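Below: the structure, in structure tokens.
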Amino acid sequence: MGASGLATGWWAELADLVLPRACVGCSAPREALCPACVERICPGGLVLDVHAAGGPPDLPICAAGWYDGPLRSAVLAYKERGRRELVRVLAGLLAGALAGVILRAHDELIDAPHAALALIPAPSTAAARRARGGNHVTALAASIGISGGSVAPVLTLTRAVQDSAGLGARDRARNLDHAMRASRPRASDQPCVLIDDVVTSGATAGEAHRALTAAGWHVAGVAVLAATPLGGRAAAIHSQ
Ligand SMILES: [Zn+2]
């Protein structure tokens, strides 16, 4: 077992119990992600309006911040090192991105019954779920807790896909092409927002949009925690 295996196993859980908490961004004591680091991630509560080249055209994609600094540290600690106590602060950041999407899609959502809005987590591979004890994006979506909304894990992968780390935009799109399937919504054209941790090329958003639309969902946008520079340009918009 390598060092990363140790870090995600019983040792990490034991360390969480006996070692003092420290911010994953700046090592300040007591908080998993301190308010100063949250302010560095999304100054003034602004979220990023992402234009991912490989994503569906004209679909709003909002991110809480850039995938670097304290946000990158927090995402990796939550996802790969089992720092489950980060779920609440990360869900709060994701809620800001979701608010940005709802703001952008306001005109098409205004007539939809609020209770019908579904948050749909991006699917993960069986290997990732085994390593992380489930789909970490589903846990994040469930922690957002929008009133009247629901988490609908309806997307699944229908074939083996590569880990996209290290792939360029074109290979990411090829890797995910027709790789997802979605269950049908309760009612045709039920609005939904895709939830994911990081947007890079937009390939996941593009394939999820295709599968969800084919199943009868109305995809209003994509809310993610973080955007990488491969996601293209981004501009700040007010989230609240
Ligand atoms: Zn900090």
Under 5 Å between amide hydrogens, which residues at least 5 positions from residue 151 or on another chain qualify, with H placed 1.01 Å from N in the peptide plane?
119
In a Debye calculation with equal point scatterers on the alpha-carbon sites of the range 3-238 and no solvent, what is log10 I(q)/I(0) at q = 0.10 Å⁻¹?
-0.44
Counting only heavy atoms of protein chains, what accessible area per residue, in Å², does the chain have with a probe of 1.4 Å?
50 Å²
Cα pair distances exceeding 14 angstrom across the range 109-160, given as percent
57 percent
With charges only on Cβ, +1 for K and R and -1 for D and E, what is the dipole size of the range 3-238 about its Cα centre, in debye, rounded to 20?
580 debye
I'd like the isolated cysteines in the chain, meaning no second cysteine's beta-carbon lies under 4.7 angstrom from theirs.
26, 37, 42, 62, 192
Apply 1/(1 + (r/R0)^6) to the Cβ-Cβ distance of residue 183 and residue 162, taking R0 = 25 Å, and write down the FRET efficiency to the nearest 0.05.
0.50
What is the spin-label model distance, in nm, from residue 126 to residue 53 if the labels are put 7 Å beyond Cα along the C-beta direction?
3.5 nm
Expressed as an acute angle from 0 to 90° and rounded to the nearest 10, what is the orientation of the C-alpha long axis of helix 69-80 relative to the principal long axis of the chain?
90 degrees
Among DSSP beta bridges whose residues both lie in the chain, state the antiparallel percentage, nearest 5.
35 percent
The chain, Gaussian network, Cα under 10 Å: of 119, 167, 90, the residue fluctuating most is 167
What relative contact order, as a whole-number percentage, does the chain give when Cα pairs under 8 Å and 6 or more residues apart are counted?
27 percent
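Taking 0.36 nm per residue of sequence separation and subtracting the Cα-Cα distance, how much length would be gained by fully extending the chain between residue 174 and residue 214, in nm to one decimal?
12.5 nm
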Amide H to amide H, which residues 5 or more places from residue 180 or on other chains are under 5 Å from it, using H placed in the peptide plane?
158
Expected max-MSF residue from 122, 226, 139 in the GNM of the chain (alpha carbon, under 10 Å) is 139
Accessible surface of the chain [probe 1.4 Å, protein heavy atoms]: carbon and sulfur percent:
55 percent
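The values are calculated or read from the model by the stated rules, or taken from the named source; none is laboratory data. Just so we're clear, the structure is a prediction, and the values are computed from it rather than from any experiment. So basically every Cβ, Gly included, is an ideal-geometry build from the backbone, and we count neighbours across all protein chains shown. SASA here: full protein model, heavy atoms, side chains in, ligands and nucleic acids out. Shrake-Rupley method; radii C 1.70, N 1.55, O 1.52, S 1.80 Å.
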